[in-house]
Amino acid sequence: MDNNNPQYFANEPDNTKNKRPAFLTTLCILTFIGSGFSLLSQIFSYAYYDKIPDMMINMADIIGGQYGKMYLDLAETFSSMPPYYFLLLAVVYFLSITGATLMILLRKIGFHIYTISQLLVIGLPLLILHAPFNIGNLLLALAFVLFYARYLKIMK
C-alpha cells in the first residue's frame, strides 16, 4: 500500500473533531482546584459557623498587637454574615464544578452553568452582604469565561 495516497486515509475515523484541547483541560483542572477548595471552605464555614469567630478571637489573644486586631476585625465581620450565605456559596461553587465537568466532556450546557455560577459569585456578596464590588473577582471570572468561550464551537 502506498501511504502517500490520500485515499489510504479516507476510511480512518477523524479523531481531531472531538479531541479536547489541552488548554480547555487545563482550565477545567484549575476550576476543579479553585472551586473545589472554595466549596470545601464554604461547607466548613457553614458547619462551624458558631465556632469560627471564637477561634479567631483566641488567635487574636495569642498573637496580640496589630495582627491580633486584624483577627478581631475578621471575627466581627464573619459574625455579621448570615450562615445561609455560606451554604448559598457552596451551591454556587458546586455549580461551577458541574459546569467544568460538563465542559471537560465537551458539553455546551457546562459553559452556561459555569457562567451563571460566576455571575452569582460576583453578585451574592453585593446582594446579601452589601459588600463593595470586588474588581479582582470580576476580572478572574471574566478571564475564565472568555477562555472557556473560545471552545464553545467544539462543544455539543
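Could you figure out which of (1) more than 30 Å from residue 77 (Cα to Cα); (2) touching a Pro at 6+ places or on another chain (Cβ under 7 Å) isn't true of residue 153?
Evaluating residue 153 over (1) more than 30 Å from residue 77 (Cα to Cα); (2) touching a Pro at 6+ places or on another chain (Cβ under 7 Å) leaves (2) as the failure.
Table: residues versus (1) modelled with pLDDT under 95; (2) within 30 Å of residue 156 (Cβ to Cβ); (3) in contact with a Ser or Thr (Cβ under 7 Å, 6 or more places away or on another chain).
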| residue | (1), (2), (3) |
| --- | --- |
| 14 | yes, yes, no |
| 43 | no, no, no |
| 52 | no, no, yes |
| 56 | yes, no, no |
| 82 | no, no, no |
| 85 | no, no, no |
| 90 | no, yes, no |
| 96 | no, yes, yes |
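Please note which helices (runs of 4 or more DSSP H) are completely contained in region 17-128 and include at least 2 residues that are under 25 Å from residue 148 (Cα atoms).
22-47, 83-104, 108-124
Report yes if some residue within region 145-155 is over 19 Å from the mean Cα position of the chain (by Cα), among the basic types (Lys, Arg) and part of a helix (DSSP H, G or I); otherwise report no.
Scanning region 145-155 turns up at least one residue that is over 19 Å from the mean Cα position of the chain (by Cα), among the basic types (Lys, Arg) and part of a helix (DSSP H, G or I).
Please specify each residue of region 55-80 satisfying the condition of being in contact with a helix residue (DSSP H, G or I) (Cβ under 6 Å, 6 or more places away or on another chain), of a type outside the set (A, V, I, L, M, F, W, C) and farther than 23 Å from residue 128 by Cβ.
68, 71
In region 54-102, which residue that is over 21 Å from residue 122 (Cβ atoms) and of a type in the set (S, T, N, Q) is surrounded by the most Cβ atoms within 10 Å (Cβ to Cβ)?
Step by step, filter region 54-102, then rank; the result is 101.
Within region 126-137, can you find the residues that are of a type in the set (A, V, I, L, M, F, W, C) and touching a helix residue (DSSP H, G or I) at 6+ places or on another chain (Cβ under 6 Å)?
128, 131
Might you check whether a residue that is surrounded by 14 or more Cβ atoms within 10 Å (Cβ to Cβ) and without any contact (Cβ under 8 Å) to a residue 12 or more places away in the chain occurs anywhere in region 133-146?
Yes: region 133-146 contains one or more residues that are surrounded by 14 or more Cβ atoms within 10 Å (Cβ to Cβ) and without any contact (Cβ under 8 Å) to a residue 12 or more places away in the chain.
Please name all residue pairs, on different chains or six or more residues apart, with Cβ atoms under 8 Å, provided the first residue is in region 63-76 and is closer than 16 Å to residue 50 by Cα and the second residue is of a type in the set (Val, Ile, Thr) and surrounded by 13 or more Cβ atoms within 10 Å (Cβ to Cβ).
Listed pairs, sorted by first residue: 71/57; 71/63; 72/57; 75/52; 75/57.
List pairs: first in region 107-126 and over 16 Å from residue 143 (Cα atoms), second in a loop (DSSP other than H, G, I, E, B), Cβ under 8 Å, 6+ apart or cross-chain?
107/155; 107/156; 108/155; 108/156; 110/155; 125/131; 125/134; 126/133
Mind checking which residues of region 103-116 are buried (at least 19 other Cβ atoms within 10 Å of the Cβ) and over 12 Å from the mean Cα position of the chain (by Cα)?
103, 110, 111
The values are calculated or read from the model by the stated rules, or taken from the named source; none is laboratory data. Because the structure is predicted, anything quoted here is derived from the model rather than measured. Glycine also receives a Cβ, built like all others from the backbone with ideal geometry; neighbour counts cover every protein chain displayed.
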